[in-house]
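Encoded as structure tokens, the structure appears first; notes follow it.
Just so it is clear, none of the values below were taken in a lab; they were calculated from the coordinates. Everything numeric here is computed off the predicted structure, so don't read it as measured data. Because the Cβ atoms are built from the backbone with ideal geometry, glycine has one as well, and the counts that use them run over all protein chains shown.
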Amino acid sequence: MNLTTIGRWALIIGIILAVLAGFTEVPSLAIILFVLGLIVGFLNIQERESTPFLIGVIALMVIGLSGLRLGNLTPTVISILENFLAFVSAAGLIVALKQVLAAVKPSA
């Protein structure tokens, strides 16, 4: 199994966990989702995909945060949004850091 396949599975598992865990309480779920997001950021997103990915992360985070701010959502929906934000923000953090490091890397 290569690293790209591991990254794809981390993405699929993270999305499924974020949704399913909204219906039940899972101890340490935020940490698990954060680690899966880190794996996705490291293994799945290549340099050419960084900008569209980061734009997508920003959109998803704005949607998730504004959904949480509505205040009249069910506890299940709130939990799903919180789980999803933990997952997506970790992946976005890694990709953004990779972009910053690439931008300040000296030219050869």
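For the reader, a short list of remarks on this structure follows.
- GluC sites (Glu not before Pro) restricted to DSSP loop in region 22-102 with at most 16 other C-beta within 10 Å: Glu25
- Against the chain, whose longest principal axis is taken from its Cα atoms, helix 50-70 shows a tilt of about 20°.
- Taking the chain and dividing mean pair separation by its residue count, relative contact order in percent (alpha carbons under 8 Å, at least six apart): 40
- Per-residue ellipticity at 222 nm, computed for the chain from helices alone with -39500 (n - 2.57) per DSSP H run of at least four residues, works out to -27000 deg cm²/dmol.
- Taking the C-alpha atoms only, the angle from helix 29-43 to the longest principal axis of the chain is near 20 degrees.
- Overall dimensions of region 3-104, expressed as equivalent-ellipsoid semi-axes from the Cα gyration tensor (√(5λ), whole Å, largest first), are 25, 16, 10.
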